Amino acid sequence: MRRRSQLGFTLVELLVVIGIIALLIAILLPALRKAKESANRIKCAANLRQICTAAAMYAGDHKSGLYMPFAGVGDDFSPYFRKYLTNINVLICPSTNNFVRGNVPADLTRAARGPNDPNAGHSYEGRQRMWTGTYPDGKVIPPEAKRAGYPDGFNNWKSTRTVRRPSEVFLVTDADEGDGGRINNWPDKGDNHGDAGINVGYCDGHVEWAPMGRAVLEAFMKGYYNPNIPNAIYTKYGLSANGTTFKWIR
């Protein structure tokens, strides 16, 4: 005689139902994760638009025309930039567990190192400097030199005076740190959106998604920013890098 559960099902029938449910979950979970990450990218892009808007406000309020003040550490956000952000939470990518503690300077001058970093820090990386080099469009960024009106005395800062094509020159991106086996300035699995790509905010305030590959390199090149990544990556995506001289070869 077959044993039936109190609900009138045999044990075999219950196991079949459980197996079907487990199979459906296995099929649906990747789709749900993909949908969640897509939503996170959109929210992340909205954050970057607010940051770029704050940068434009900062530039308009200062004679130097600088988009962002010098942080004093790396290329991140100065605490002085805080007053231009109406909501400090826009500094956090929803794909991460990063957090900032109000006006704590250390939280604004460093990017947390990946989605699961338990340390405080924001989720984005300021690209407000133009690095020395010769870029594919022929523009030459000279070595940094003393110049009045710049917060640290150097000249290669992005401003309304130095950026001629604000819709093409990036200003801020998803944070990308080269620790734990990851490549700095290149999308890796441990970065905000994994190795799929990065959100890029431009000087004119718009934001674009740059998928892994040539699009990421193009953002760096048009932003006059030497990513200093392995030569094999440059070659793979059609860029010649001879020291600090860059040229598209295909």
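Tabulated values for the structure
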read-out	value
Taking T132, T109 and counting other C-beta atoms within 10 Å, the order from fewest to most	T132, T109
Calculated [θ] (222 nm, deg cm²/dmol) that DSSP helices of n ≥ 4 give over the chain, each run adding -39,500 (n - 2.57)	-9500 deg cm²/dmol
Modelled FRET efficiency - R0 25 Å, T244 with R214, Cβ distances, 0.05 increments	0.80
Charge-dipole axis of the chain as Lys and Arg at +1 and Asp and Glu at -1 on Cβ define it, positive-most pick from Y80, A106, Y237	Y237
Helix 11-61 axis, angle to the chain major axis (alpha carbon atoms, nearest 10°)	20 degrees
Computed lengthening from K63 to N184, 0.36 nm per intervening residue step minus Cα-Cα distance	40.2 nm
DSSP-defined beta bridges in the chain - what % are antiparallel, rounded to 5	90 percent
Within the chain: Cβ-based charge dipole about Cα centre, in debye rounded to nearest 20 (Lys, Arg +1; Asp, Glu -1)	380 debye
Segments 25-37, 193-205 sorted - mean Cβ within 10 Å per residue, highest first	193-205, 25-37
Net length gained if the chain between I88 and T235 were fully extended (0.36 nm per residue, minus Cα distance)	49.0 nm
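Where a number appears in this text, it was derived from the coordinates with a stated rule and is not lab data. What you see is a predicted model, and the numbers here were worked out from it, not measured in a lab. Cβ: placed from backbone, ideal geometry, glycine included. Neighbour counts: every protein chain shown.
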